Every structure is written in structure tokens, then in C-alpha cells.
Amino acid sequence: MTDSRSITTLFVPGLRDHVADHWQTLMAERIPGSRTVEPLTENKLSRKARVAALDEALAGIEGDVLLVAHSAGVLTTVFWDWAPTRPIAGALLVAPADVESAMPEGYPTMDEIVGGGWLPIPRWPLSFPATVVASRNDPLAEYSRTEALAGAWGARLHDAGDVGHLNPAAGFGDWPEGFRLWEEMLLELG
């Protein structure tokens, strides 16, 4: 059993990196000692570069880690777990982007996704306990596709209702339910 007081929370942002009014940024400010994977300055659409950045962030943390990932950050986490370099206590995986389907305007094109190495989305059981948060009206992933990914990953599914992509464009900012889910995971791990 893990001592929840010794768990470091590491935030894994999506392709938009650090957005001041994003729930991840706001949550990180509330959690003492939490860390965030540093944004890339080049190769921003490279899966390999994002996985390497996550691995580098993890290498700088001693003790247990709880990952909190959003959108493409979820995919980064799952790809990292292909060849994990250390154990992870658990993960809260929020609104994974379905990059196997065409994205809305303003998001990467299918050619950019393929060129970045994001396909196919891994479908194997994760090496750590996880909760996948799914939205019923996410423009970047149909609920049924997210539900299927959660099943393939061996993760618990949390139906968040009609919350869009759980980003500032969908009205999230502060996301109290996310903080509650994080607290529940800490208690389960402790």
C-alpha cells in the first residue's frame, strides 16, 4: 500500500500545453508539490518527443507518482506505458482525444497526426490503476470510443456527462469534480 502523503502528482497536458485558465493548471496550483510536464519548444506534434518529456519529468521525481493527464496527454501516458521506466501508482486520464477519427477545425489534421506517430492508439492493459473520465458530448471523442479505450486499458470509466472536451472552451476552468476524483484516487492508493 502507498502512503498518499508521499505521492507526487504529475500533470500531463495535451497539445495545447499550459493554458492559464485550464483546470489542470488551476488544480496544479492547489496541490502542494505537484509538477507538470514541461511544454515542448520544438516537435510539438511528435509523440516520441512528448513521451520523452514525460519520461524526463518522471525521472526527476522520487517516490510514488499519480499522473493526471488530459486529451493528448492521456495518449502520451498510454504510449509511455508501452515501455515504462518506473512504476506509477495510478492515473486520472481525462477526455482522451480520439486521434483515429478526424479532428475538428483548429486541431491537427490526420496527416499531422500520422506524421507525429500517434496511430494507432494503444489498446493494452495499463501497468497501473487508472480512471478514464469520459464526456458525453466531447467534440474530440465519441463517448462509446472512450468507453472502449477505458475497457482496453483495464481502467475504470467515469461518466462526466455533457462536459465537452473539459477545457476552457467547454467552460472548464475550475473543475471541482476533477479535484474530487483526484482526492478519491489518493485515498484509494493510500
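Bear in mind these aren't lab numbers, they're just calculated from the coordinates by the rules spelled out. Since this is a predicted model, take the numbers as computed values, not measurements. No Cβ is skipped: glycine too gets one built from the backbone with ideal geometry, and neighbour counts run over all protein chains shown.
Quick notes on this structure:
- Two-site FRET efficiency, L187 against E38, from Cβ-Cβ distance with R₀ of 30 Å, rounded to 0.05: 0.55
- Estimated vicinal HN-Hα couplings, Hz - region 88-95 in sequence order (Karplus 6.51, -1.76, 1.60; Gly, Pro = x): 10, 5, x, 8, 9, 10, 9, 6
- Listed residues Q24, V94, A59: farthest to the positive end of the dipole of the chain (Cβ charges): A59
- Looking at region 104-190, the trypsin sites (Lys or Arg not before Pro) that sit in a DSSP loop and have at most 15 other Cβ atoms within 10 Å of their own Cβ are R123, R136.
- Cβ-based charge dipole, region 94-167, positive-most Cα from N137, M103, I121: I121
- Geometric descriptor of the chain, per residue, is 107 Å³ (volume of the convex hull of the Cα atoms).
- Two-decimal log10 I(q)/I(0) for region 139-190, as the Debye equation yields it once each C-alpha is a single scatterer, q = 0.23 Å⁻¹: -1.04
- Simple Cβ-charge dipole of the chain, Lys/Arg +1 and Asp/Glu -1, about Cα centre, in debye nearest 20: 300
- Length gained when the stretch R180-E100 is fully extended (0.36 nm per residue, less Cα-Cα span): 25.8 nm
- Remark on region 33-144: Rg and Dmax equal 13.9, 41 Å (Cα only).
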